[in-house]
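The values are calculated or read from the model by the stated rules, or taken from the named source; none is laboratory data. Note that the structure is predicted; figures quoted are calculated from it, not measured. All Cβ positions, even for glycine, are placed from backbone atoms using ideal geometry, and neighbour counts span all protein chains on display.
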Amino acid sequence: MPDLSRPLQECLEAMDEKRNLQDVLRRYPADRNELVTLLRLSVDLGGLGAPTADPAFRLRARNRMLASAAARHRRWRWHLPVAVPRPVARLALAGACLAALMLASLTAAAASANSLPGDPLYAIKLGIERAQLATTFDSGARARLQLHFADVRLDEAQHLFALGRVQDGVRLMDQYDSAVTQFDRSIAASALDTRTAEDLARFMDDRAARADASVKRLAGSLAASGDQDTAAAVSRTQSHVDQTLRGSKRDLQARSGSQSGDHQPKPAGGDQ
């Protein structure tokens, strides 16, 4: 297993300084996949600080890490010759530790998937989302991911309202609105080819109907429970989201149409 500490550090520094991460990854073509995997699992997690996870989760994660490291250590002792050079032994130990770190990261990622604001693992969930965005270089895929995370915020808001956490739900609706606005800005700033623009427009249509129906049910439920003010706030947020997405779609359609027009054959007899 190669020593990835230096290239990983360079990747993290590039992200912190808002430099092009691809420039760093190009310098390590043989290790690119491993670096992207580590970034997806670990980037931002260290910067988040240690979350105050519940003791039971910490104990389970610690036990899994120790068990993985011990199992790898036993396999190395069984298969390696008696006289193992110290650098090789250190490399084996580093591999075991890296595997344990990745296992712990995967465990935390899985455990955080359904977390909500205020839960111990919610910060990890947001960190993983930022890591995914930072390591997604295709403009179309990144835009889809941004819209997906906007829908995650909407889903979280609905769960909070269902739990009676009305103020937290309203805050998540605002974050949902902000996430859609960020998607719109990303679309405006991205160079998208015709096919990608058309695919994104269809993707927006598919999720728009579901989101609208979901928010209407939420607003209706809030109104039925007597909370007219919150129901109105939710409806206003969705109205603004719809307006933003209509602008995004017009942008995509105009761009797709103009790009398609650039490739239309010139009329016969026209200027050459």
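Being buried (at least 17 other Cβ atoms within 10 Å of the Cβ) and among the charged types (D, E, K, R) is the filter; apply it to the range 152-198 and report the residue that is farthest from Gln238 (Cα to Cα).
This residue is Glu198.
Go through the range 121-145 and give me each residue that's of a type in the set (S, T, N, Q) and either within 18 Å of Leu39 (Cα to Cα) or without any contact (Cβ under 8 Å) to a residue 12 or more places away in the chain (or both).
If the condition is that a residue be of a type in the set (S, T, N, Q) and either within 18 Å of Leu39 (Cα to Cα) or without any contact (Cβ under 8 Å) to a residue 12 or more places away in the chain (or both), then Gln132, Thr135, Thr136 are the ones that fit.
Being under 15 Å from Gly247 (Cβ atoms), among the small types (Gly, Ala, Ser) and part of a helix (DSSP H, G or I), is that true of even one residue in the range 133-145?
Of the range 133-145, the ones under 15 Å from Gly247 (Cβ atoms) are 143.
Filter once more, so that each one left must be among the small types (Gly, Ala, Ser): 143.
Next cut, part of a helix (DSSP H, G or I) only: 143.
Yes - at least one qualifying residue is present in the range 133-145.
Take Ala209 and decide whether it is assigned to a helix (DSSP H, G or I), in the same structural domain as Arg250 (by TED's automatic domain parsing), small (Gly, Ala, Ser) and within 17 Å of Asp251 (Cβ to Cβ).
no
I'd like the full set of residues that are under 18 Å from Leu126 (Cα atoms) and either among the hydroxyl-bearing types (Ser, Thr, Tyr) or not in a helix (DSSP H, G or I) (or both), limited to the range 153-200. Reasoning before the result, please.
Start the filter on the range 153-200 by keeping residues that are under 18 Å from Leu126 (Cα atoms), which leaves 153-160, 168-169, 171-183.
Tyr176, Ser178, Thr181 - these are the residues of the range 153-200 that are under 18 Å from Leu126 (Cα atoms) and either among the hydroxyl-bearing types (Ser, Thr, Tyr) or not in a helix (DSSP H, G or I) (or both).
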